[in-house]
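Data first, discussion second: the structure below is written as structure tokens.
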Amino acid sequence: MTPIQIAIIACLVGLASFVGIAGATRKIARPIALLWLVMLLVGILATLDPNRTTVIARGLGIDRGTDLLLYALVLAVLQGFLIFYLRLRKVRRELTILVRRLAILEAPGGSPAPEPTDCTEQP
Amino acid sequence: MIPVFNESSVIADVVAEVRSVFPNVVTVDDGSSDETWDVLRRNSPHPLRHLINRGQGAAIQTGTDYALAQGAARIAHFDADGQHRLEDLVRMVKGVADGECDIALGNRFSGDASTVPAFRKLILRGGILFHRVVSGVRLNDVHNGLRVFSRRAAFKMEITADRMAHASELIDLIARSDLPIKEFPVTIRYSEYSKAKGQRWTNGFRILFHYLVARIAG
């Protein structure tokens, strides 16, 4: 094994043990933890024997294993961006609800906002 | 109801002008970093404040909730930078009060449209066409900040978009409300100040992006 392989595998094993503990103590949902562990295992195997990725890539009609990994990486990054974007949006929206509610509570003669759902009782 | 963000130099005059006809002016300071809040506290009969800037859509919703809780019969949206004319607002409020419609919308293109800068006109026209296609609503000016709602219409306008996409969201809500709508010709005062404060045309694309994400992701 080359030094770089050792370093990468050490990182992946470290991550795997973190995910394993988090899954065992249910800090992460178990199916999610399992998915992570599988991905990390694939990473470890690909690092140990990079040529094997080429065999898989060929089976999928891609010439090089490197390309297969690159495609997988692009997809993973895009998915990560999407998840973070949606989460950020949710947090922003919750923040807005808080700020708006506070503005009304602090208003002169302030009272909590009515739930603007039912307008049938309105004149 | 006037949503306000960093308008300390003009907001006192705008509030005074509107107040001369409509005493119940609700102002929402949307987390301004200048002296806007101090000015509002001294000049506005109903000053509200967002502690953190949350965007015009959120400010409009806060003002609307407050006004409804105070028993408002009608709610008007009026821009803080002085670009709207009071006489246009008066006509629109009268239209809603007289039962001509539940939702009165300002239309800068049917009045003296010559005040609208040419390039801005082109971008706004694009927005109008877009809304015809996605919302099926036939309006002639979809991003005009001058609007008047009857109480029952205001209850139906629940804006969730924080930023400028709220104008597009409002159009969807208006289209779905099935309440009578009328467009009123209005004139926009494009002063150097309001142009500098106003939307840059590139924002049109940002608005489009946020709007589409909201339609898809909910």
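Per-atom-type breakdown for segment A:16-106 gives carbon and sulfur 73% of the accessible area (1.4 Å probe, protein chains only). Calculated accessible area for the protein assembly as shown comes out at 55 Å² per residue, all protein chains present (probe 1.4 Å; ligands, DNA, RNA ignored). Taking only protein heavy atoms and a 1.4 Å probe, the accessible area of segment B:1-112 is 45% carbon and sulfur.
With 32 Å as the limit, the listed pairs A:Lys90/B:Lys94; A:Lys90/B:Lys121; B:Lys121/B:Lys182 have A:Lys90/B:Lys94; A:Lys90/B:Lys121 beyond it between alpha carbons.
Annotation for the A:B interface, with buried accessible surface near 2300 Å², both sides summed [1.4 Å probe; non-protein components not counted].
Calculated on C-alpha atoms, the gyration radius of the protein assembly as shown divided by its Kirkwood radius gives an Rg/Rh of 1.14.
For segment A:47-80, trypsin sites (Lys or Arg not before Pro) meeting the loop criterion (DSSP other than H, G, I, E, B) and having at most 16 other Cβ atoms within 10 Å: A:Arg64. Using the Cβ-Cβ distance between B:Arg176 and A:Val74 with R0 set to 30 Å, the FRET efficiency from 1/(1 + (r/R0)^6) comes to roughly 0.20.
The values are calculated or read from the model by the stated rules, or taken from the named source; none is laboratory data. Model, not experiment: these values are computed from the prediction. Because the Cβ atoms are built from the backbone with ideal geometry, glycine has one as well, and the counts that use them run over all protein chains shown. Side chains are part of the model used for accessible areas, which takes the heavy atoms of the whole protein and leaves out ligands, DNA and RNA. Shrake-Rupley method; radii C 1.70, N 1.55, O 1.52, S 1.80 Å.
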